[in-house]
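Please read the structure below before turning to the comments.
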Amino acid sequence: MLKYIAKRFGYSILTLWVLITVTFFLMHLLPGDPFVGDKPLSDSVKAAIYARYGLDQPVYIQYLRYMQNVLHGDLGSSLIYSGQSVTNMISAAFPYSADLALRSLTFAIPTGMLIGIMAALHRGGPWDTTALVITALGVSIPSFVLASILQYYLGVVFSSWTLANWGFRAFPISGWGTPQQAILPCFILGFSNLAEIIRMTRSSLLEVSGQDYIRTAKAKGLSERKIVWRHILRNSLCPIITILGPLIASCLTGSFIIESIFNIPGVGKFMIMGVETSDYMVTAGSTIFYGVLIVGANFIVDMLYMVIDPNIRLYDDKEA
Amino acid sequence: MSRNVTRKSFLGSMAALGALGLAACGGTSTSGGSDSGGSGGAGAVEQVFNFNLGSEPPTANSLQATDLFSYYLIRPTFCGLTRLDEDNNVEPDIAEGWDVSDDLLTYTFYLRDAKWSNGDPVTSNDYLFAWSKLLDPEYGAPYSYIFYDIEGAAEYNMGEADVSALGISAPDDKTLEVKLVNPIPYFTFLCTQPMFFPIQQKFFEDCEAQGENTYASDPDKILSNGPFMIDTWEHNSKIVLKKNPNYWDVDNIKLETVNLLEVADNNTNYNMFTAGELDIASLTSGDLEDRAKEAGYDIRHTSTGATYYILLKLDSGPLANANFRKALAYAIDRQSLITNVLRSSSQPALSFTSPDILTSDGQEFHDLVGDCFKDADVEGAKAAMETALKELGLSEPPTLDILIADDDEDRTKAAAFQETWKQTLGVECNISALPRKARLEKMHNGDYQVAFSAWGPDYDDPMTYLEMFMSNSSMNETGYENAEFDELMEDAKTTTDQAKRTDDMVQAEKTLMSDMPIIPLYFAYNDMAVSNKVEGFYSKIFQGENYIHAEKIA
Amino acid sequence: MADDTSKKPLLVVKDLQVSFDTASGEVQAVRGVSFHVSPGETLALVGESGSGKSVTAQTIMRLNPEPPARIKAGSVMLDGVEVTKADDKTMQDLRGKTVGMVFQDPMTAMNPTMRVGRQIDEVVLEHNKIANSEAWERAVRIIDAVRIPNAADRARQYPSQFSGGMRQRGVIGISIANVPKLLIADEPTTALDVTIQAQIIDLLLSIQKEERMAMIFITHDLGVTAQVAHRIAVMYAGRIVEQGDAHTIYHHPVHPYTKGLLKSVPKPGQDRSVDLYAIEGAPPNLIDPPKGCAFSPRCEKCMRICKELQPPATDLGHGHVCSCWLLDPRAKAVADAVGAGAGTSSEEGGAR
């Protein structure tokens, strides 16, 4: 078991190292001078700026310095927002994204799994139909369309009506901080993920339900509830948590669409800002941050596999 | 069946939770200012102004700022020697008055009693320090070139001289003396601009001692002498400004609080405006403008001063021929481009300098120049093309490569020109799109044939438009060289006769247009909707959206 | 192998018809099957893939998922309960207690993430109100009873740690944990190698003897049936074509299909230069089963009537029943006219 953990951990570190290295070199290979602006800079000014950001050193020295900084948690300084540390900017933005993500997932995961399970167990029934409808909608309606529609009809039209008749606005248009502000963004983010979770849960459950050992369980005289609870669910979990890990990680880094539309100052909005302003330090820093979250999420998923499926522990011990 | 009941009740409780969240009311949102239908009691209207910046300002350091967003933060929090009134006339600010020598080369400013937000007096050393720092070659400030009319500035900034060569001195705390090398009539105008704002030396050095580049990165790292000061700065979220009690003209400021938001999405921005959460909304698309018109809002069209034009590489094949260039210029239907593609209130440009720019003797320069050619002049274009082909010795119209940025606006414009030039002149175009920085670099290296560009003025004088076409200008991107043009411009730079100066520049622009090294497209205008609860707000070229003396009336 | 038919049968299946409603149409998997099993006796249900034997067996326990499976007609009377009409609760009571099942593929028949001991004590606890610890001990004893050494340690292990043969023993353990009256073994040795096969069969037989369990042994392998069966029922295309006691079926088969099956069994010492015998052709498509005898396309003795009508079941005495037109008295005339009696095998018995 320890070997399994150690191996997984080793792979995680290796992945992160490759990620950081590739990000760094991509940054440097990008065409275009990061400081080029609409008005050309004189050479002396350029030289001064380069020196300030350490860009006058040979590439491998910059790489080593960068690596060293990253290992200490320093993702560099923004090129556009002079003086701001990327790490600080991400730390300031992250709680918003995390809050948004956690609330949406608290809605999406239990609901999604519930609908998925019921749809799989009662194929062709009302649950199955619900699952199909949500999946179809979730896949075909892009989140920005849903967001714009809901923001307008609920945040503007409906809320003006409630303001006029009941004295308060039912839905705020944007922003973050109050429970009211959280409803629309969390719902929309949750909805997109809901479809995915339902689909995965349903298909995983269906696959397990068709397995021979479920027939054995039935042959024991167990009630359907017991069969689902004791035999089907646990064995269905593996594919579900496989997607849940990266899904949670990607939610945590914020959906930039929702953050842009609802003006939530999270990591997604931050990442996009970096791309739009060609602020390479911000883009690289965000990439690494995202990478760490995903690698971390996958590592946790690997650990959970160990808990859910005892065979993983065993196989490792058997290996020479 | 009993099984289903338990599942249903779970779902039911989820729905109840959701409804609970829905029903919970109250609590103020983090963004957006006061709700419409505000809490003001009888007579007392809350003086809170809500404005959307759209994006996080990169910096509040007046020495480093070059972009719009930073200026949104710096303009209300600092003031310079002079400021602009509603008609862009220069009036005193920190400087009570000033003397100008007869040769127009020496300025002596007399500072009034004014304070920084920490109570310290504003002194002339604050200006001396700020300007010297900006010109410091090791500091690398981007706007240093604008100071080059000051004696010793260019040499110091390029590392050829020492700071003592600078023609700026502070004989006493309340006097600032500046020596120029050129008798430019717009020097006091320049003093109204952010890069000329003062910075207290001690405060700056204290900040830098704590950490490099930390000056102006947070509210406690900025000292303001302007009408407002930064109260809170939630990065990427919201900036709150509060009236600065130490501002010398504080009695004329009505607003108590200004909320600067960072809503990136245009639709959200407009929705917030209609809900009363913002007092101004930029109408960035034809759609929004239509909606605003329908809703009956107060819509303002303001010139931005920017001229959008097509940049031509003059040593590249057929572009060396003036008639060819003119053919390209005449063929374009600018009005159609504006009405159908851009859907804004921009104006077709048939010369280079934007309207609203005044000459040093107070005339509308654009009117003096007049239209240098006709818009959508198909006949003229074809004729010029014929002549050009003969002169170039070509039997077929050549092809051109157009370099654009990879955004929708550039793509549509390029497609429009491609179509026009093919139809009218038979010129085929290849379009290549690059990300912004890559494209800019290619342009700086001269690695293009046809590209799009825009120029915004730095000060209120035609010189800022025309200077860049001088053959010795560092801003000259086209490689344009015309001895007559240079001569006219040199004279304009050095003469003290304002009428002659104006005339020189009118002739220069006409010469420029007859050579057509660039193709003017349109003068960019901005459209915005203004809440009827606001009075005293205006938007003007060089000042941007100015709410400093605004007041909420409801 | 004494025949216990004097006792009242434990299981009586009469005219059972089961179909599957699929997208391609109705698959008539079982088209009128009748047989019985008495306490302590083993009935072998023999036939090739698709003959309907597994469906029949699973119908006895109502294990087929009920859409798409559908019991069209017939009755299954198990220990006094009419299974075709029983509700869920009744079936759950029967399963694991009165009737147990051993499945074909031991590798997939157990839950991979549950300890083997738990999988056994689960069925014990389901049908007995005893303490968990007692149930666990019982599970360990069962593991021992199915001849797995180190039962206590093995009980705590997972199926992946068991070999194929051991897993099958585990599955057997699950099925007999509550000493059911009827054990259905659906091809329990098909997936195992020959040496293990023998052990498993031996185990089953000894359990049967000890507990006086009735057993339905499903197989396609006539060699195996010889070792275990008291009685044999031969299925083809959803119907039982011939059934009787083992001796009769082996030495005096009547139905051409039965004869063909017996001929197909390779015998040790047979001439290697001669090709192995195989019945030509393939079973029919059960979505559109033929109206006549389903075996007719492959039958050497096929008559015109065979293609038109299903042959009725003819009782040949002593529990030997066969459905074949050759048994009709009118067919004898044809057979005499054609030549030396019906059938080609030297072991055939011919119509009476």
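The values are calculated or read from the model by the stated rules, or taken from the named source; none is laboratory data. Just so you know, these numbers come straight off a predicted model, no measurement behind them. Don't worry about glycine lacking a Cβ; one is built from the backbone with ideal geometry, like all the others, and counts go over all protein chains shown. Note: areas computed on protein heavy atoms with side chains; ligands, DNA, RNA excluded. Shrake-Rupley method; radii C 1.70, N 1.55, O 1.52, S 1.80 Å.
General observations
- 10 Å Cβ neighbours from other chains, averaged over peptide B:65-78: 1
- Carbon/sulfur fraction of accessible area - chain C, other protein chains in place, 1.4 Å, %: 53
- Size-normalised alpha-carbon gyration radius of region B:299-364, reference 2.2 N^0.38 Å: 1.39
- In summary, the lysines within cross-link reach of residue B:382, defined as a Cα separation below 30 angstrom excluding same-chain residues under 8 places away, comprise B:313, B:326, B:374, B:390, B:413, B:422, B:510.
- For residue A:72, the solvent-accessible surface with a 1.4 Å probe is about 150 Å², rounded to the nearest 10.
- Residues with amide H under 5 Å from that of residue B:546, placed H, sequence gap 5 or more: B:538, B:539, B:540
- Note on chain C: helix-only mean residue ellipticity at 222 nm, from DSSP H runs of 4+ residues weighted -39500 (n - 2.57) and normalised by residue number, equals -9500 deg cm²/dmol.
- Summed over both chains, the area buried between A and C is near 2300 Å², taken from the accessible surface of protein heavy atoms with a 1.4 Å probe.
- Interface residues of region B:213-237, defined as those with an accessible-area decrease of at least 50 Å² between the chain by itself and the complete set of protein chains (probe 1.4 Å), are B:213, B:236.
- Most tightly packed first, judged by the mean number of other beta-carbon atoms within 10 Å of their residues, the peptides A:120-127, A:178-185 read A:178-185, A:120-127.
- Near residue C:159, once Lys and Arg are set to +1 and Asp and Glu to -1 for all other residues with Cβ below 13 Å from its Cβ, the sum equals +3.
- The share of accessible area on region B:305-526 that comes from carbon and sulfur is 43 percent, using a 1.4 angstrom probe.
- Using a probe of 1.4 angstrom and keeping all protein chains present, the accessible surface of the protein assembly as shown works out to 43 square angstrom per residue.
- Karplus 3J(HN,Hα) series, Hz, for region C:195-206 with 6.51 cos²θ - 1.76 cosθ + 1.60 (x for Gly, Pro): 5, 5, 3, 4, 4, 5, 4, 4, 4, 4, 5, 6
- Restricting the calculation to Cα atoms, the protein assembly as shown shows an Rg/Rh of 1.17 when the hydrodynamic-style radius is the Kirkwood one.
- In this structure, the residue pairs whose Cα-Cα separation is over 20 Å, taken from A:218/C:97; B:115/B:533; B:174/B:202, are B:115/B:533.
- The A-B contact accounts for approximately 4900 Å² of buried accessible area, totalled over both chains at a 1.4 Å probe radius.
- Percent accessible area from carbon and sulfur atoms, region B:128-250, protein chains only, probe 1.4 Å: 47
- Backbone amide hydrogens, once placed in the peptide plane, bring residue B:49 within less than 5 Å of B:257, B:258, B:259, excluding anything fewer than 5 places away on its chain.
- Within the listed set C:319, C:164, C:173, the Gaussian network model of chain C (springs between alpha-carbon atoms below 10 Å) gives the highest mean-square fluctuation for C:319.
- The order of C:206, C:273 by accessible area, most exposed first and with a 1.4 Å probe, is C:273, C:206.
- Net charge, residue A:260 excluded, C-beta distance under 15 Å - Lys, Arg +1, Asp, Glu -1: -4
- Using a probe of 1.4 Å, the accessible surface attributed to residue B:387 totals some 60 Å² when neighbouring protein chains are kept in position.
- Protein-protein interface of region A:162-178, residues with accessible area decrease of at least 20 Å², isolated chain reference, 1.4 Å probe: A:163, A:168, A:169, A:171, A:173, A:174, A:176, A:178
- Centre separation in Å (Cα based) which lies between region C:229-293 and region C:53-72: 24
- Spatially, region C:110-188 and region B:228-260 are offset by 77 Å when compared through their Cα centroids.
- Per-residue ³J(HN,Hα) for region A:15-30, Karplus 6.51 cos²θ - 1.76 cosθ + 1.60, θ = phi - 60°, Hz, x for Gly and Pro: 4, 5, 4, 4, 4, 4, 5, 4, 4, 4, 6, 4, 3, 6, 7, 4
- Taking the Cα centre of region B:305-526 as origin and assigning +1 to Lys and Arg Cβ atoms and -1 to Asp and Glu Cβ atoms, the resulting dipole is close to 780 debye.
- Considering only the protein assembly as shown, percent of DSSP beta bridges that pair antiparallel, nearest 5: 75
- Accessible surface ranking that places the most exposed of B:202, B:221 first, with a 1.4 angstrom probe: B:202, B:221
- Largest to smallest principal axis extent of the C-alpha atoms in chain C, angstrom: 73, 49, 43
- Helical runs assigned H by DSSP (4 residues or longer) give chain A a calculated mean residue ellipticity at 222 nm of -24000 deg cm²/dmol, each run adding -39500 (n - 2.57) before division by the residue total.
- Shape class of chain B from the alpha-carbon gyration tensor: oblate, with a/c at 1.5 or above and b/c at least as large as a/b.
- Averaged over the residues of C:81-94, the number of partner chain Cβ atoms lying within 10 Å of the residue Cβ comes to 1.
- For region B:76-82, the Karplus equation 6.51 cos²θ - 1.76 cosθ + 1.60, evaluated at θ = phi - 60°, returns couplings of x, 9, 10, 9, x, 4, 10 Hz by residue, with Gly and Pro reported as x.
- A Cβ-based charge dipole, computed about the Cα centre of the protein assembly as shown with Lys and Arg at +1 and Asp and Glu at -1, lands at about 11080 debye.
- Solvent exposure ordering (accessible area, 1.4 Å, most first) of C:14, C:53, A:46, C:8: C:8, C:14, A:46, C:53
- Solvent-accessible surface, computed for protein heavy atoms with a probe of 1.4 Å, shrinks by 20 Å² or more for the following residues of region A:220-251 when the other protein chains are added to the isolated chain: A:220, A:221, A:222, A:223, A:224, A:225, A:226, A:230, A:231, A:234, A:235.
- Candidates C:271, C:245, C:193, ranked by Gaussian network fluctuation over chain C, Cα under 10 Å, top entry: C:271
- Max mean-square fluctuation residue, GNM over chain C, Cα-Cα springs under 10 Å, options C:183, C:43, C:192: C:192
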